[in-house]
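Colleague: One structure is given below, represented as structure tokens, and several questions about it will come after.
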Amino acid sequence: MQTVTQGAVLHRAVADGLGFTLTAHEPHRRLDWHTEPVATLTLQLAGACDEDISGEVYTCRPGTLLFKPVGAPHRDMFGGDGGQAVIVELPEVLLAALGRGPGRKPVATATNAVTWALGLELYVAAREGRTGLQERAARLMGRLQANSAAELRLARCESWLRDVAEALRGCERGQRRSLAELSAEAQRHPIYLARAFRRVYGVSPREYRQCSRVEQAVPAVAFGEIELVDLALALGFADQSHLGRVFRRTVGMTPGRLRRVTRALLASV
């Protein structure tokens with residue numbers, strides 16, 4: 001596979017039909033319009049980059065994952081801290097199976113830290129020589145597609161459903177919001193609320209709350225200094241072990257491992 005970066009190559013590997021490049025760019029660097037011969041996932045580790053893809057700008061910060069289809073014209077503008085990222089090159093067979101062929105609109109997942117963590121787990125698996133990388137990549141791309149579909153449904157849903165989701169995301173430490181409470185606030189029957197919520201968000205209100213807590217945990221784990229026991233309590237988990245179980249089930253690695261991996265990668269750039 002051909003290298004798909006104009007920056008410094010800090011690590012390069014090809015495994016199970018996928019390419020992986022750890023790359024770094026200088027501060028304030030500008031890359032003019034160009035294309036890549038393969039579809040890619042970019043996992044931002046440090047710094048910031050505004051990526052203009054066919055006239056639509058995506059801001060990539062630490063914890064951002066961005067998909068670019070084959071041949072998508074794009075240009076890059078890096079900030080004052082430069083940029084460090086992992087680029088994953090996706091084989092055509094995987095894209096064909098998932099319906100992500102050439103010419104498809106790029107999908108940005110800047111708000112989904114969990115998807116970024118899944119991408120990082122894929123890269124770590126490749127570096128450690130583990131098998132089943134294409135299956136991992138397929139699950140990751142499937143999640144990207146599900147996120148995109150959910151965003152479309154969310155744009156068309158009624159405002160009261162968005163209010164319910166906001167209430168679940170904003171629960172204070174240890175606070176429980178029952179379905180009856182949410183239904184009373186929304187002035188909807190509990191069964192109707194639960195069905196409508198799952199139709200739009202793909203999960204129950206309880207599952208959504210749990211996913212939201214993991215979403216908040218990922219950047220704090222990967223880039224923060226807070227002790228994991230304190231983070232667990234701040235996000236409403238019973239203890240650090242509870243956070244670890246839910247986190248690993250969602251992300252594929254424990255909080256401690258994600259923190260160690262991220263710090264090791266940042267130390268190498």
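Colleague: So which residues in the range 229-245 are in a helix (DSSP H, G or I), touching a residue at least 24 places away in the same chain (Cβ under 8 Å) and in contact with a helix residue (DSSP H, G or I) (Cβ under 6 Å, 6 or more places away or on another chain)? Spell out the reasoning first.
Modeller: Within the range 229-245, the subset in a helix (DSSP H, G or I) is 229-234, 240-245.
Then drop every residue that is not touching a residue at least 24 places away in the same chain (Cβ under 8 Å), which leaves 231, 233-234, 243.
Those that are in a helix (DSSP H, G or I), touching a residue at least 24 places away in the same chain (Cβ under 8 Å) and in contact with a helix residue (DSSP H, G or I) (Cβ under 6 Å, 6 or more places away or on another chain): LEU231, LEU243.
Colleague: Just need a number here: residues in the range 32-49 that are without any contact (Cβ under 8 Å) to a residue 40 or more places away in the chain and either part of a strand (DSSP E or B) or farther than 27 Å from GLY17 by Cα (or both).
Modeller: 3
Colleague: Would you call GLY224 surrounded by fewer than 14 Cβ atoms within 10 Å (Cβ to Cβ) and either within 18 Å of GLY63 (Cβ to Cβ) or among the β-branched types (Val, Ile, Thr) (or both)? Write out each step before concluding.
Modeller: Numbers: surrounded by fewer than 14 Cβ atoms within 10 Å (Cβ to Cβ): yes; either within 18 Å of GLY63 (Cβ to Cβ) or among the β-branched types (Val, Ile, Thr) (or both): yes.
Considered against the rule, which asks whether it is surrounded by fewer than 14 Cβ atoms within 10 Å (Cβ to Cβ) and either within 18 Å of GLY63 (Cβ to Cβ) or among the β-branched types (Val, Ile, Thr) (or both), GLY224 comes out as yes.
Colleague: Sort out which residues of the range 207-228 are touching a residue at least 12 places away in the same chain (Cβ under 8 Å), of a type outside the set (Ser, Thr, Tyr) and either closer than 23 Å to CYS157 by Cβ or outside any helix (DSSP H, G or I) (or both), and write them in order of number.
Modeller: Of all residues in the range 207-228, those touching a residue at least 12 places away in the same chain (Cβ under 8 Å) come to 208-219, 221-223, 228.
Right, trim to of a type outside the set (Ser, Thr, Tyr) and you get 209-211, 213-219, 221-223, 228.
Selection gives ARG209, GLN210, CYS211, ARG213, VAL214, GLU215, GLN216.
Colleague: So, one more: Looking for whichever is surrounded by fewer than 18 Cβ atoms within 10 Å (Cβ to Cβ), farther than 25 Å from GLU121 by Cβ and of a type in the set (Lys, Arg) here; the options are ARG169, ARG198. Which one fits? First the steps, then the outcome.
Modeller: Values: ARG169 fails: farther than 25 Å from GLU121 by Cβ.
Exactly one of ARG169, ARG198 is surrounded by fewer than 18 Cβ atoms within 10 Å (Cβ to Cβ), farther than 25 Å from GLU121 by Cβ and of a type in the set (Lys, Arg), namely ARG198.
Colleague: Spot the failing condition for GLN6; the list is (1) within 25 Å of ALA137 (Cβ to Cβ); (2) loosely packed, with under 14 Cβ neighbours inside 10 Å; (3) under 23 Å from the mean Cα position of the chain (by Cα), and only one is missed.
Modeller: Of everything listed in (1) within 25 Å of ALA137 (Cβ to Cβ); (2) loosely packed, with under 14 Cβ neighbours inside 10 Å; (3) under 23 Å from the mean Cα position of the chain (by Cα), GLN6 misses just condition (3).
Colleague: Moving to a separate point now. Among the residues of the range 203-226, how many are of a type in the set (D, E, K, R) and under 27 Å from ALA46 (Cα atoms)?
Modeller: Qualifying residue count for the region: 3.
Colleague: Would you check which residues across the range 150-206 are hydroxyl-bearing (Ser, Thr, Tyr) and outside any helix (DSSP H, G or I) and list them? Spell out the reasoning first.
Modeller: We begin by selecting, within the range 150-206, every residue hydroxyl-bearing (Ser, Thr, Tyr); these are 159, 178, 183, 192, 201, 204.
Within the range 150-206, SER178, SER204 meet the criteria.
Colleague: Scan the range 94-112 and tell me whether some residue there is modelled with pLDDT of 85 or more, part of a helix (DSSP H, G or I) and either out of contact with any strand residue (DSSP E or B) (no Cβ under 7 Å at 6 or more places or on another chain) or under 26 Å from GLY236 (Cβ atoms) (or both). Before the answer, list the steps.
Modeller: We begin by selecting, within the range 94-112, every residue modelled with pLDDT of 85 or more; these are none.
No, the conditions are met nowhere in the range 94-112.
Colleague: Separate question: Just for the range 41-71: of the residues that are surrounded by fewer than 22 Cβ atoms within 10 Å (Cβ to Cβ) and of a type in the set (S, T, N, Q), which one is farthest from ALA267 (Cα to Cα)?
Modeller: Only one residue fits best here, namely SER54.
Colleague: Quick one: in the range 111-147, of everything that is closer than 18 Å to VAL88 by Cβ and of a type in the set (S, T, N, Q), which residue is surrounded by the most Cβ atoms within 10 Å (Cβ to Cβ)?
Modeller: The first filter runs over the range 111-147 and keeps only residues closer than 18 Å to VAL88 by Cβ, leaving 112-145, 147.
Filter once more, so that each one left must be of a type in the set (S, T, N, Q): 112, 115, 131, 134, 145, 147.
On the way: ASN112: 21, THR115: 27, THR131: 10, GLN134: 18, GLN145: 15, ASN147: 18.
By that ranking, first place goes to THR115.
Colleague: Continuing with the same structure: Quick one: VAL214 ticks every box in (1) crowded, with 19+ Cβ neighbours inside 10 Å; (2) out of contact with any helix residue (DSSP H, G or I) (no Cβ under 9 Å at 6 or more places or on another chain) bar one, so which box is it?
Modeller: Status for VAL214: all satisfied but (2).
Colleague: Taking the range 10-40 as the region of interest, how many residues are β-branched (Val, Ile, Thr) and either closer than 10 Å to ALA85 by Cα or surrounded by 17 or more Cβ atoms within 10 Å (Cβ to Cβ) (or both)? Before the answer, list the steps.
Modeller: So in the range 10-40, the residues β-branched (Val, Ile, Thr) come out as 14, 21, 23, 35, 38, 40.
Filter once more, keeping what is either closer than 10 Å to ALA85 by Cα or surrounded by 17 or more Cβ atoms within 10 Å (Cβ to Cβ) (or both): 21, 23, 38, 40.
Result for the range 10-40: 4.
The values are calculated or read from the model by the stated rules, or taken from the named source; none is laboratory data. Just so it is clear, the model here is predicted, and its values are computed rather than measured. Note that each Cβ is placed from the backbone with ideal geometry, even for glycine, and that neighbours are counted across all protein chains shown.
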